[in-house]
1. Under a no-solvent Debye model with one identical scatterer per Cα of the range 38-163, what's log10 I(q)/I(0) at q = 0.15 Å⁻¹?
2. Amide H of HIS147 versus every other amide H placed in the peptide plane: which residues, excluding those fewer than 5 positions away on the same chain, fall under 5 Å?
3. Rank-order 147-153, 84-90 by packing density, defined as the average count of other C-beta atoms within 10 Å over each peptide's residues, highest first.
4. Rg and Dmax of the range 74-146 over Cα atoms: what are they, in angstrom?
5. Run the accessible area of the range 48-163 with a 1.4 Å probe and give the carbon-and-sulfur part as a rounded percent.
6. Can you pull the Rg over Rh of the range 55-113, Cα-only, Kirkwood?
Amino acid sequence: MPRLTATAALALGLLSLASSAAEPDPATRGRYLIAIGGCNDCHTPGFAQQGEAIPEQDRLIGAAVGFSGPWGVSYPSNLRLSAHQASEEEWLGKARRNGLPPMPWTAMQAMSRDDLAAIYRYLRALGPAGSPAPAALGPGQPIPTPHFVFVPQPPTSAKTSLR
């Protein structure tokens, strides 16, 4: 019996330690969700080329490189300013609405409230930085910035050369 009691006590102690392990704070969870969501890909200038070499304090400030398509031109917003200028509830409401392509709005809408709140808290923890991204443009307006043409192209045939 004493052996069973010691084993049970050890198991209870280990279970207690495991359950008391601190959950990551919301800002840490938000950093993780930003990373796996690919948010930096568009919302951090130069991230596609430089990746993790861009310091965290320089990230998520929006970009003046647009995405043009039938909707006009959209720009990756400055998420840090957006979070700084809105209450958590306002920010969560905006995250649940549809917006312009190519932002994956359906992915945001599928996230839990806790996950969206964690992203907001991470953005707030980073603090405001940068300036607002250019305003979206309607179809047919002149585009004064560099932009990606976000329109399907017809198939092409590639010729290869062995020379």
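The values are calculated or read from the model by the stated rules, or taken from the named source; none is laboratory data. Since we're looking at a predicted model, the values are computed, not measured. So basically every Cβ, Gly included, is an ideal-geometry build from the backbone, and we count neighbours across all protein chains shown. Side chains included, ligands, DNA and RNA excluded: accessible areas come from the protein's heavy atoms. Shrake-Rupley method; radii C 1.70, N 1.55, O 1.52, S 1.80 Å.
1. Debye output, listed in q order: -0.77.
2. The answer is GLY66.
3. On the way: 147-153: 11.0, 84-90: 12.7.
Per-residue Cβ counts within 10 Å, averaged per peptide and sorted highest first, yield 84-90, 147-153.
4. 13.4, 40
5. Numbers: 4320 of 7430 Å².
Of all accessible area on the range 48-163, carbon and sulfur atoms account for 58 percent.
6. Numbers: Rg = 12.5 Å, Rh = 12.8 Å.
Value, to two decimals: 0.98.
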